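Peer 1: The following block contains the structure, expressed as structure tokens.
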Amino acid sequence: MSNPALSFPPHAFSGRRAVPVPRVTDAVARAAAGDRAAFETLYREHAGRVYALCLRLAGDTTRAEEYTQDVFVRAWQRLASFRGDAAFSSWLHRLAVNVVLQDRRAERRRLRRVEPTDDLGSAPAPRDRIAARLDLETAIAALPDAARQVFVLYDIEGYGHAEIGRLLGIAEGTSKAHLHRARRLLREALER
Amino acid sequence: MLRISLITVSYAVLVGLAPPAAGQQRVERRLTVGERTPIRVHNLTGSTTVRGWAHDSVVLTGTLPAGATLYFGGSAGGVKGGVELADPADTMPAHLELRVPRGARVWIKSASGDITVEGVSGGLDVYTVSGRVSVRGAAAELTAESMDGAVTVEAGRWARVKTASGAIAVTGGEDVGVATVTGAVTYAADAFRRARLESVSGDLTFRGAVPRGSRLELESHGGQVTVEVPAALSAEIAITTFQGEVHNAFGSQSLRPLPDQRGRALEFTAGTGGADLIVRTFKGDVRLLRASAKTTR
Amino acid sequence: MSDCERIGVLLDDYLSGTLRAGDRTEVERHLEACPTCAREAETLRRLLADARALPRSIAPPRDLWRGIDARLEEERPARSGRRFIRVRPRLLAAAAVVLVAVTAAVAVQLARPPAQAPLAGGPAVTAPRYAAVAADYAAAVRELEASFVQRYDRLPPETRAVVSRNLAVIDTAIAEARAALAAAGPNPDLETLLWASYRAKLDLLGRATKL
């Protein structure tokens, strides 16, 4: 299902800013040819957008910095596969979503593998996270992983449930359930 | 206004800051917040000291190395502060001192810096890599982690402490969990409800009383486990070890081999029971000692 | 399901604008009549508006380019479809740290006198639950080790030394417990100790990769 609440396309990297297209296109071409300076220009242009996305998907500033770096390293490796039929910004946005979600999935698998034990060490802290009420961003960061990812992709980035389901490897209905939970938790966190 | 100036005066009296060395900058910031405001502090190098006080304001003072910048801001909803080094590789220390409302929830992250907290009763999360951690005045909920710095804490209701090789000393608390790889652990308490100490090779020591209804577990692969308790100990005791030896000052029972090479065990009831004392080691020795009158609390 | 509960379920799609016309009318009628649900809808609407108004771009708290640039040293754009990877000495050092684990485990296994070899059909290492849990832990450790190797050269030398030293201690403990289990047969106490060592390793690797 598409997400008509946000009518711009999900990849609208440049949707809210005027990107000087010829210069960027030129930089992309030069970077793809191995020009590091041109790639730095692309980094300067897009770092904020990529970082914001990573930050919200990961819910953690340190991880967000690492993911942002990973995204640009991956972009450098794959520039040759960027054919220019979509905006570079959209391509980079999609790459960023994949980098973060792939890593989060791997982390979830790792955690699932380890059988739950009754030890004190793995017992969750009996409290809401410190600073959960700071603001909307903090409340989003404090959401459970899946709920946060669906909320960020649907309500902030404008993806539809079908697409989110594909990205996260879950059913469309599960995506809706996560969204419902995320919105409810955010409401509760912000009302406190 | 009057309160602010009072705070300024009392603070100036409390903290006699030395003049900054050449190239250093002195900083001072203040904010009025709520009693339970969450506060996050980032200071990678140097030291961070946080003291709870009876005012609903946060006062930050300190010295920063040349080129570093301080960020500090927020509201009753939350405060964030920290030091941004000019160069991430820079290891010149920054020293921060904060006064925070006693009931605040404080989160501190450092890399090589020491962290000292006093009199914060709300909640505490402190993380450092090689710095030392010292917490006095039991926070209701406490998480403290260091890789190889020593961690010394007075636990409140709930506490979790972790290191890799840093020594750990915990006192008090109701629900306490301590884990280390090679660090030495001592836990002293007489009113806990549940406590678990674990290590891979670090020695584990418990000193104090085992209250009725409580559960105390000590588990180590290769560390020596020492439990020093009053002669009036009343608990179900279960000690298992594979290659370690057991010294038991609470009776003549000794280790008996378990069937099928399952190791050796020593199980008995001291007094009338009513609490659980469980020790498990692979090759660490176990000593169950009577506290001398002097060390009994 | 009460009316309010049913509306609560529909509210998400209603606010997203994806509700069928019939349901939409039902929700609207209910919201006019029920102040509680109307308030809830209003809070949600505000939340969604706030979420959409969040800045699309946030400057990273520090300049990340230097770190990226350093990593590009080792990478070329994959133009020919074949990537040239230069192995960094530090990466090798990290790999060596991890290798110690394997080597230590093998060494302890080999050092056992043959007399203590598992009895024929000895169930310890073949017991399905033990085997499954051990495999899970081993797999989890492998994944974290891979991340750790990746990040190894970004850690300060002192931290590397601390982590390596502690990993070596844990690996020896794991190897000893495994060897004892292989010799002794199924044993819940030994397994508890082994899992504790694995957990210590996962925890240490996890923390090291997040530094």
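Peer 1: Give the residues of the stretch B:37-61 that are more than 21 Å from B:Val129 (Cβ to Cβ) and of a type in the set (D, E, K, R), sorted by residue number.
Peer 2: B:Arg51, B:Asp56
Peer 1: Just the residues that are hydrophobic (A, V, I, L, M, F, W, C), surrounded by fewer than 17 Cβ atoms within 10 Å (Cβ to Cβ) and free of Cβ contacts under 8 Å to residues at least 24 places away in the same chain, please, taken from the stretch C:11-37.
Peer 2: Once the filter is applied, which keeps residues that are hydrophobic (A, V, I, L, M, F, W, C), surrounded by fewer than 17 Cβ atoms within 10 Å (Cβ to Cβ) and free of Cβ contacts under 8 Å to residues at least 24 places away in the same chain, the stretch C:11-37 yields C:Ala21, C:Ala33.
Peer 1: Report yes if some residue within the stretch C:45-52 is open to solvent by 20 Å² or more (accessible area, probe 1.4 Å), under 22 Å from A:Tyr159 (Cα atoms) and not in a helix (DSSP H, G or I); otherwise report no.
Peer 2: Scanning the stretch C:45-52, I find no residue that is open to solvent by 20 Å² or more (accessible area, probe 1.4 Å), under 22 Å from A:Tyr159 (Cα atoms) and not in a helix (DSSP H, G or I), so the answer is no.
Peer 1: Return a yes/no flag: does the stretch A:148-158 have any residue that is out of contact with any Lys or Arg (no Cβ under 8 Å at 6 or more places or on another chain) and among the polar types (S, T, N, Q).
Peer 2: Scanning the stretch A:148-158, I find no residue that is out of contact with any Lys or Arg (no Cβ under 8 Å at 6 or more places or on another chain) and among the polar types (S, T, N, Q), so the answer is no.
Peer 1: What tally of residues in the stretch A:159-189 results from selecting those that are under 12 Å from the mean Cα position of the chain (by Cα) and of a type outside the set (A, V, I, L, M, F, W, C)?
Peer 2: So the answer is 1.
Peer 1: A further question follows. Among the numbered criteria (1) modelled with pLDDT of 95 or more; (2) more than 14 Å from chain A (Cβ to nearest Cβ), which one does B:Val181 miss?
Peer 2: (2)
Peer 1: Going through the stretch B:85-125 one residue at a time, which ones are of a type in the set (A, V, I, L, M) and closer than 14 Å to B:Arg51 by Cα?
Peer 2: The answer is B:Leu96, B:Leu98, B:Val100, B:Ala104, B:Val106, B:Ile108, B:Ile115, B:Val117, B:Val120, B:Leu124.
Peer 1: Mind checking which residues of the stretch C:155-185 are facing another protein chain (nearest Cβ under 8 Å) and within 20 Å of C:Ala131 (Cβ to Cβ)?
Peer 2: Listed by number, the residues that qualify are C:Ala173, C:Glu176, C:Ala177, C:Ala180, C:Ala183, C:Ala184, C:Gly185.
Peer 1: Tell me, please, whether a residue that is surrounded by fewer than 24 Cβ atoms within 10 Å (Cβ to Cβ), among the small types (Gly, Ala, Ser), under 10 Å from the mean Cα position of the chain (by Cα) and farther than 24 Å from B:Val225 by Cα can be found in the stretch B:123-130.
Peer 2: Within the stretch B:123-130 (the criterion being surrounded by fewer than 24 Cβ atoms within 10 Å (Cβ to Cβ), among the small types (Gly, Ala, Ser), under 10 Å from the mean Cα position of the chain (by Cα) and farther than 24 Å from B:Val225 by Cα), the answer is no, since none of the residues qualifies.
Peer 1: So, in the stretch A:72-87, exactly how many residues are more than 9 Å from chain C (Cβ to nearest Cβ) and not basic (Lys, Arg)?
Peer 2: Summing the residues that are more than 9 Å from chain C (Cβ to nearest Cβ) and not basic (Lys, Arg) in the stretch A:72-87 gives 6.
Peer 1: Run A:Gly15 past the list (1) surrounded by fewer than 19 Cβ atoms within 10 Å (Cβ to Cβ); (2) assigned to a helix (DSSP H, G or I); (3) at pLDDT below 70 and report the number of the one that doesn't hold.
Peer 2: Single failed check for A:Gly15: (2).
Peer 1: In this structure, is B:Ala231 within 30 Å of the chain's Cα centre (by Cα), more than 23 Å from B:Glu174 (Cβ to Cβ) and surrounded by fewer than 20 Cβ atoms within 10 Å (Cβ to Cβ)?
Peer 2: Criteria met by B:Ala231.
Peer 1: Which condition does B:Arg29 not pass, out of (1) more than 25 Å from the chain's Cα centre (by Cα); (2) modelled with pLDDT of 85 or more; (3) open to solvent by less than 70 Å² (accessible area, probe 1.4 Å), if it passes all the others?
Peer 2: With respect to (1) more than 25 Å from the chain's Cα centre (by Cα); (2) modelled with pLDDT of 85 or more; (3) open to solvent by less than 70 Å² (accessible area, probe 1.4 Å), B:Arg29 is out only on (3).
Peer 1: Also: Regarding B:Gly213, is this residue open to solvent by 10 Å² or more (accessible area, probe 1.4 Å), over 13 Å from B:Arg287 (Cα atoms) and small (Gly, Ala, Ser)?
Peer 2: Answer is yes for this residue.
Peer 1: Further question: Quickly run through the stretch B:132-151 and pick out the residues that are under 19 Å from B:Arg102 (Cβ atoms) and either open to solvent by 20 Å² or more (accessible area, probe 1.4 Å) or not aliphatic (A, V, I, L, M) (or both).
Peer 2: B:Ser134, B:Arg136, B:Gly137, B:Ala138, B:Ala140, B:Glu141, B:Thr143
Peer 1: Looking at the stretch B:201-219 only, could you name the residues that are more than 14 Å from chain C (Cβ to nearest Cβ) and outside any strand (DSSP E or B)?
Peer 2: Scanning the stretch B:201-219 gives B:Ala209, B:Val210, B:Pro211, B:Arg212, B:Gly213, B:Ser214.
The values are calculated or read from the model by the stated rules, or taken from the named source; none is laboratory data. All figures in this text were calculated on a predicted structure; none of them were measured in a lab. Cβ atoms come from the backbone with ideal geometry, glycine included; neighbour counts cover every protein chain shown. Keep in mind that these areas ignore ligands, DNA and RNA; they rest on the heavy atoms of the full protein, side chains included. Shrake-Rupley method; radii C 1.70, N 1.55, O 1.52, S 1.80 Å.
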